[in-house]
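Trainee: The structure under discussion is supplied below as structure tokens; questions concerning it will follow.
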Amino acid sequence: MHQQTQIFILSFGLFLFLPKLSYSQTNSISLELAGSGIFYSINYERSFLEREKFTLATRIGFTGFPIYEPREAVFFLPLGLEARLGPKPHQLSLGLGASIMYITERVFAVRAVPSISYRYQPIDKKMFYKISYAPFLPVLVDTNLPYLWGGITIGRDF
């Protein structure tokens, strides 16, 4: 089995099975500008352990955009695990994630994306806002340079 396939299966398995350890669950959808999808990403998040001052959640996202070459595109699959600390409305969010990148027929790369964020979600409201520092660190990629990066997120619980 290819290493890329193993990474995908492990990541997807983490995303599917961790939520079953749940005490309380909240689903969210969000749009992140910049962040782990480079320009943007659309994300689904599932909280699987929620307490008054602590929450654990998993996240999966998608991004895609054309590049200069004819018939070529770049796709990102951001995956992550996030711990939110503190009571709402103001929370510190610490995350461990990966961004899997695929350029049509040419390049496959994985970068680790740890994050530290400020999350604002008014009490008893569904909308939330987040600003993050999320550097890209080389894992399975042909460069050793980290990218200092960040993002802004707007989302909604459901």
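The values are calculated or read from the model by the stated rules, or taken from the named source; none is laboratory data. A quick note: this is a predicted structure, and the numbers were derived from the prediction, not measured. Only protein heavy atoms, including side chains, enter the accessible area calculation; ligands, DNA and RNA are left aside. Shrake-Rupley method; radii C 1.70, N 1.55, O 1.52, S 1.80 Å.
Trainee: How much area per residue is accessible in the range 70-158 when the probe is 1.4 Å and only protein heavy atoms are counted (Å²)?
Mentor: Per-residue accessible area for the range 70-158 comes out at 56 Å².
Trainee: Could you pull out every residue, at least 5 positions away or on a different chain, whose amide H is within less than 5 Å of the one on V139? Hs are placed 1.01 Å off N in the peptide plane, and Pro or chain starts have none.
Mentor: The list, which skips near neighbours in sequence, is V110, A112.
Trainee: At what distance in angstrom do the alpha carbon centres of the range 82-98 and the range 49-64 lie from each other?
Mentor: 8
Trainee: Applying the Karplus parametrisation 6.51 cos²θ - 1.76 cosθ + 1.60 with θ = phi - 60° to the phi angles of the range 30-37, what ³J(HN,Hα) value in whole Hz is obtained for each residue in order, glycine and proline being reported as x?
Mentor: Going residue by residue, I get 8, 10, 10, 8, 6, x, 6, x Hz, with x marking Gly and Pro.
Trainee: Kindly write out, for the range 96-112 in residue order, the coupling ³J(HN,Hα) from the Karplus curve 6.51 cos²θ - 1.76 cosθ + 1.60 (θ = phi - 60°), rounded to whole Hz, with x marking Gly and Pro.
Mentor: The phi angles translate into 10, x, 9, 10, 8, 10, 9, 9, 2, 6, 10, 10, 10, 8, 10, 10, 6 Hz.
Trainee: OK, next. What ³J(HN,Hα) values, in whole Hz, does the Karplus curve 6.51 cos²θ - 1.76 cosθ + 1.60 give for the range 79-88 when θ = phi - 60°, with x put for Gly and Pro?
Mentor: 10, x, 10, 10, 10, 9, 10, x, x, 5
Trainee: Just how much of V110 is accessible, in Å², when a 1.4 Å probe is used and the result is rounded to the nearest 10?
Mentor: The accessible area of V110 comes to roughly 10 Å².
Trainee: Starting from the amide H of A73, placed 1.01 Å from N in the peptide plane, find each other amide H under 5 Å away whose residue is 5 or more places distant or on another chain.
Mentor: I67, T104
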